[in-house]
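The values are calculated or read from the model by the stated rules, or taken from the named source; none is laboratory data. Worth saying up front: this structure is predicted, and the values here are computed from it rather than measured. Note that we place each Cβ from the backbone using ideal geometry, even for glycine, and neighbour counts take in every protein chain shown.
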Amino acid sequence: MTTIRQDAWSTDEDLILAEVVLRHIREGSTQLAAFEEVGQKLSRTSAACGFRWNSTIRKKYESAIHLAKKQRTKIKAIKAPASEEQEVERPQEKKKNVRVFKSKKEEVEPDANVSVEKEEIIEAELEQDENIWNENEPLTMERVIDFLSEYEHSMKLRPQPDEYEHLKIENQRLRERLAKVEEEKSIMKEDYRSLLSIMDRARKLTL
């Protein structure tokens, strides 16, 4: 009568070992980490798991190992662009222009970096606010505060070209990235089905 060793590996244990090792390969982890995980599940040492894998199991799953490595490469390719992408600079918050009131007709000292187009917009706004700066009325703090409040409100409502362009570029980049991820997901799904089929055939061979 044949005596079965107490430390002998069962078919289910071999399958667990194969599944865990292949998962670690696919995720870019190490085989040592896989052996430690299997050892905890099966109450065996990581050395025993490593010996079992290298001496018996590995050769049965050569195709699955190759496929797992292929999937690992694809996963890295998907993650790489995200880690290499440099953070897109946000449009700097525009500094509020300080208006200097002079004599009867107030003038605005434009900032050195303000474009000609923006200067024209500011001048147009000043013309629209002539009713506030009536030469016949005295200049009071209350009128100054009212004018600045109106100007600040109009600046908030005005679309910011730089920010709009940034959002447009970001939207296009995300669309392209989504399309790439969907394509990779479809390929990985097919590879995963192939991997399950290979593992199922290998399991049946051990029965």
* Within region 11-22, can one find any residue that is over 36 Å from the mean Cα position of the chain (by Cα), at pLDDT below 90 and among the hydroxyl-bearing types (S, T, Y)? -> yes
* Answer yes or no as to whether I25 is among the hydrophobic types (A, V, I, L, M, F, W, C), surrounded by 15 or more Cβ atoms within 10 Å (Cβ to Cβ), modelled with pLDDT of 90 or more and under 32 Å from the mean Cα position of the chain (by Cα). => yes
* **Tabulated pairs, region 167-180, first over 12 Å from I78 (Cα atoms), second hydrophobic (A, V, I, L, M, F, W, C), C-beta under 9 angstrom, 6+ apart or interchain** => I169/V88; E170/V88; R173/V88
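Okay, residues lined up against (1) at pLDDT 65 or above; (2) exposed (fewer than 13 other Cβ atoms within 10 Å of the Cβ); (3) among the charged types (D, E, K, R):
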{"residue": "V114", "(1), (2), (3)": "no, no, no"}
{"residue": "R143", "(1), (2), (3)": "yes, no, yes"}
{"residue": "D146", "(1), (2), (3)": "yes, no, yes"}
{"residue": "Y164", "(1), (2), (3)": "yes, yes, no"}
{"residue": "I169", "(1), (2), (3)": "yes, yes, no"}
{"residue": "E182", "(1), (2), (3)": "yes, yes, yes"}
{"residue": "M199", "(1), (2), (3)": "yes, no, no"}
{"residue": "A202", "(1), (2), (3)": "yes, no, no"}
* Asked: Are any residues in region 33-79 among the basic types (K, R) and part of a helix (DSSP H, G or I), and if so, which ones?
  -> K41, R52, R58, K59, K60, K69, K70, R72, K74, K76, K79
* Which members of region 39-83 meet the condition of being β-branched (V, I, T) and over 32 Å from the mean Cα position of the chain (by Cα)? -> T45, T56, I57
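To keep it simple, each residue is scored yes or no on (1) at pLDDT below 90; (2) of a type in the set (G, A, S).
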| residue | (1), (2) |
| --- | --- |
| T45 | no, no |
| C49 | no, no |
| A64 | yes, yes |
| K76 | yes, no |
| K79 | yes, no |
* To do: List every residue pair whose Cβ atoms sit under 6 Å apart, with the two residues 6 or more apart in sequence or on different chains, where the first one lies in region 56-78 and is under 16 Å from E182 (Cα atoms) and the second, anywhere, is surrounded by 15 or more Cβ atoms within 10 Å (Cβ to Cβ) and modelled with pLDDT of 85 or more.
  => Q71/R26
